Structure formats: structure tokens, C-alpha cells
Amino acid sequence: MKYLIIALSMSLSVTAKEFKNFKDTYKLSKSKRSPKKLRSLYYAVSKNSEKDIGALINSFVKETRPNRFVGTSGHKTAQDYIVSYIESNVRKNNTSLKTVKFVPDIEYAKELFRKDLAASKDKLSAANLKKWQRLTNERIQQVDGLKSTNGYNIVWEKKGIKNPNEIIVVGAHYDTAAYDLKNFKVVNKGRQPGADNNASGVVAALSLINILAELDLEKTVRVVFFDYGENGFLGSYDYVKNLNLEKGIRVYSYVELVMLGYDTMTQDKEQQLGNMKLYYSPASSGLHKAEKSIAQRFYAKSSEGTFRVEFKVSPYDFVYGDNTSFQKFNIPSVVFTQNWESDSNAARIHTPADHVNSLNIKTLHHATNNIAMSIASWALDL
């Protein structure tokens, strides 16, 4: 199933109250805020430490237990956590932060689920098709029950000094969902820590904000934490509809951050660590050429750093993220994520097994800094 991601260390020790202790862990002196060379930017980015990444993902997952299902207490805590972290830790010069409430387009999500099922009919046996029909019906019932539950996107922006109307949008969804694929049922309660999917993306985005806030950017970067990512990508769908109405801006690219913490050697078909992926649309897409160029630029700029992680540029029909909402509105989109072909975390996501202990924190740290080099180099016009 395309839009259903089929089933994805350290001990939990840091509480949300303690994240204020992170406040001075990433600061740049005034002389370091306007790097003119990639090497200087690399040194600035490298101040973002593995220790802080590990503490942050432990804290976020612990404080939002038992799950971040839309409408639950953990879901609300996630919103509060993201806002409080940014307000408490990030330099505010030339930045803004807002929470945008939206009414989810439930009918759009339901139609998405039906199209997903229809696209799979010729690929499934009669018995399996019946199972997927049952699960699709459960997903439709689930999202139908959320009609009166508003969504909340959290938007942080750092304005560019010279070219404020040139924008990159970076996104990560913060909600979770769970499925029992043995019985093909939606799970509506219980434990679902969502460490890889998508606390890893949230933490990478928060760390990126820490870094960008310290730099004097020439172009604008928006970092958006999307709601309803597990229910038809409704948060990004609502956001991009309104983004498309903004006058006088040029969106260079949308950048998706999703599942950045899983990395093994024993399970990896290539038996490698650090072989992550930077996906762009295949040749059949009208966005293929633009997205390929963007992905190659990001790869070239980030290669200045000596990172343990390499995001290999690869064409792939990635339909598992909020990038699909942007592509629907003809906005080029690329996806930083795990290696889905060689080292996928498919057995854990959407299950109670998606916990922090299953992640490779060193990989998440290097992935985050790699991404920061890619985004910041564009925003600094290096």
C-alpha cells in the first residue's frame, strides 16, 4: 500500500522540564554567524553535538508517551513541547514562530485512501485484497471520527536579509499512528513511541532551527512541524494550499525530514552504516528535472563536511510523506530519509517497537548536521 507505511540507543532519561538545560549548548560567536566558505559553515554546524541530539529525542519521546495519535494528550504535549523548546532555546533575531490551526479536509483523506486501494488491486491476490479493503475501511472510519478535531501546524521562520522572498520550506510531521497488520486493523490506543517515525524528523528539524537561528541568512527558511501526517498528510495539504496563495515569494524547494534514526549493518543488504537516501521524483514526473538538480546541489554542498552519513541521491517514487502535498501543487520536493531499498525500518514503524533503543543516535546526529549543511549553504548563498 503506497500511502500506508507498512510496519518501523539510549535509555529514556530527560524530561520536558529539563530541556531548558539545552539553552546554551548551541551558540555561535558574532564572527561565526556569516560564514563565507563551506568549510567555515561546516565548523559552525559541527558545534551541534551528538549528546544534545540523543538527549532531545529521548526527552521528546518520553514526554509524549504513550503515543501521539491525533486528539490524544500525547499529541497535545508534542505541540506544546515543540513550541516551548523553540521559545526557550532559540535566538529570536529575525525569526517568527506561530501555531496555525486548521480544519482537516477529511474527505480528501478518505479519497486518498480509496485511490491507494484501487491502485493496489491488480497487485494483490483476492485474499490479500480483502484484507487491505478491511484495513482501508478502518482507516476511513478512523479519520471520519476526527472530523471535529482541529489540526495544528507549527511554523518557524528565519527571514533572509538580502532575499527574503526566496524560500525553502523544511517539514517534519509530529503525530503517530499504529496498525495491527496481522489482523489488518487500526490500533486506536496503547503504546506507540514513534521514535523513528517521526520523532527523528522532529529532532532533526529542531536542531536545524538551533543552527539556522544563529546564522545571518541571505534567503528565508521556514521549518514546519506538520499535524495529521499519518492521516492523509492533511497538515501539509492545508499548509501548501495557503502557501500557494502567498504573493511575491519563490519557493525553491520543499524538504521532507522523515525517519532519520534507523541505521544497521547486520540488517543492511549492503552491510554498511550511514548509507541514507536523498530521494527525488523519477523520470516519469514533471518535477524530475528540477528535483534532481536540487538534490544534487544539496549533496555537493553537504559533502564539504566529514560526516559519517552519506545521503545518496536517488530517483524514487516516495509517496510516504508530506512531500506528496507539495508535489500536488507543483512545488519541487526532496526527501531526506533512511535507505528504503537496503535498510528499511518497515518491521517497526507504526508499532510499539518503534522506540528510541532501536535507533542509531550517531547516525541521527550526522544526518542532522548533513541536512543543516545542505539547507544553510543554500540560505547563505554559498
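The values are calculated or read from the model by the stated rules, or taken from the named source; none is laboratory data. A quick note: this is a predicted structure, and the numbers were derived from the prediction, not measured. Note that we place each Cβ from the backbone using ideal geometry, even for glycine, and neighbour counts take in every protein chain shown. For accessibility, only protein heavy atoms count, side chains too; no ligands or nucleic acids. Shrake-Rupley method; radii C 1.70, N 1.55, O 1.52, S 1.80 Å.
Structural remarks
- Net charge contributed by nearby residues that have their C-beta within less than 13 Å of residue 181 (K/R +1, D/E -1): +4
- Using the 1.4 Å probe convention, the accessible area of the range 161-265 works out to 28 Å² per residue with neighbouring protein chains retained.
- Within a straight-line Cα-Cα reach of under 23 Å, residue 101 can be paired with the following lysines, leaving aside sequence neighbours fewer than 8 residues apart in one chain: 76, 92, 110, 147, 158, 159, 241, 247, 328.
- Extension gain, residue 268 to residue 316: 0.36 nm times the residue separation minus the Cα-Cα distance gives 15.4 nm.
- All aspartates and glutamates inside 18 Å of residue 362 as judged from Cα atoms, apart from same-chain residues fewer than 8 positions distant: 50, 52, 196, 263, 268, 310, 343, 354
- Projected label points at residue 39 and residue 284, each 7 Å from Cα along the beta carbon direction, are separated by 4.6 nanometres.
- The residue 293 and residue 118 beta-carbon pair, evaluated with R₀ = 35 Å, returns a calculated FRET efficiency of approximately 0.60.
- Neighbourhood charge, 11 Å Cβ-Cβ cut-off, centred on residue 308 and excluding it, Lys, Arg +1 and Asp, Glu -1: -2
- Calculated FRET efficiency for the pair residue 189/residue 92, C-beta based, R₀ 30 Å, to 0.05: 0.20
- Annotation for residue 108 and residue 150: the two label points, set 7 Å from Cα along the Cα-Cβ direction, are 1.8 nm apart.
- Carbon and sulfur %, accessible surface of the chain computed with the full protein complex present, 1.4 Å: 48
- Area projected by the alpha carbon convex hull of the range 97-167, averaged over all directions, nm²: 7.3
- The residues of the range 72-114 expose on average 48 square angstrom of accessible surface per residue, using a 1.4 Å probe on protein heavy atoms.
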